[in-house]
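Working notes, beginning with the structure itself.
The values are calculated or read from the model by the stated rules, or taken from the named source; none is laboratory data. Just so it is clear, the structure is predicted and the values come from calculations on it, not from any experiment. Here the Cβ positions follow ideal geometry from the backbone for every residue, glycine too, while neighbour counts run over all protein chains shown.
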Amino acid sequence: MAAASAEAMASIQGEGAVPFQPLRTAAAWTAASAAAEQQEWLTVLSPVEVAEVLAATDYALSTGKPIQDLTAADFPLPTLGPKLAAMRRSCLHGRGFHLLRGFPVDELGRQEVVAAFFGLGTHWGNARSQNAKGSRGGPREGPGVGPWRQRRACLPDKCCTAMARGHMRSGGADVPERGQVGGLSRWASSVSIYNRLL
């Protein structure tokens, strides 16, 4: 998951950024350095954490609130919550992404999946509109996305619009409604790209 904010920029600038000089920050990663440091940016949910997500999802839905109105208090994660906070700090002040695996998507119905992803997101940041229509969370499909892109549940801080297959972009998070086995991801460090362009 990529994160960009004034807080993150202040973190980079606080490291002594000099105009037209390479940035020396953890966000300037390469494919080789990211692969070598995978244990730092990949977290697989433990059985205890999976149970906690399932229980928090049940609790959140029992509040009767619309999903987009859920808060972190509605999605209690006593074990996973502090880990999510550390991941967020790493994204804002470190390499800029963190991958979370093991989400129990096959154990949940569609409404529960959306509530669970949104609930996890409440521990990550503030819900924001993902498009000009003011949508916050929930399944979406966009014009021009083609059959390759399934309906997706969007997390808080999501602010992208539909795009064509294969194009790189910056966004908060996309979460498939049903997990896929295999597949490829393409990520790039905009800081490393900047450094290469100098």
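Let's see how each residue does on (1) more than 17 Å from Leu99 (Cα to Cα); (2) modelled with pLDDT of 90 or more; (3) β-branched (Val, Ile, Thr); (4) under 24 Å from the mean Cα position of the chain (by Cα):
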{"residue": "Met1", "(1), (2), (3), (4)": "no, no, no, yes"}
{"residue": "Ser5", "(1), (2), (3), (4)": "yes, no, no, yes"}
{"residue": "Glu15", "(1), (2), (3), (4)": "yes, no, no, no"}
{"residue": "Ala36", "(1), (2), (3), (4)": "no, yes, no, yes"}
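Spot the failing condition for Gly171; the list is (1) at pLDDT 90 or above; (2) closer than 27 Å to Val191 by Cα, and only one is missed. So Gly171 meets the others, but not (1).
Do the conditions hold for Cys160, that is, is it at pLDDT below 50 and surrounded by 15 or more Cβ atoms within 10 Å (Cβ to Cβ)? Yes, satisfied. Which of the residues spanning region 24-65 are outside any helix (DSSP H, G or I) and free of Cβ contacts under 8 Å to residues at least 60 places away in the same chain? Within region 24-65, Arg24, Glu37, Leu42, Thr43, Val44, Leu45, Ser46, Thr63, Gly64, Lys65 meet the criteria.
The residue that is farthest from the chain's Cα centre (by Cα), counting only those in region 112-126 that are more than 13 Å from Gln68 (Cβ to Cβ) and either surrounded by fewer than 17 Cβ atoms within 10 Å (Cβ to Cβ) or among the aliphatic types (A, V, I, L, M) (or both), is Val113.
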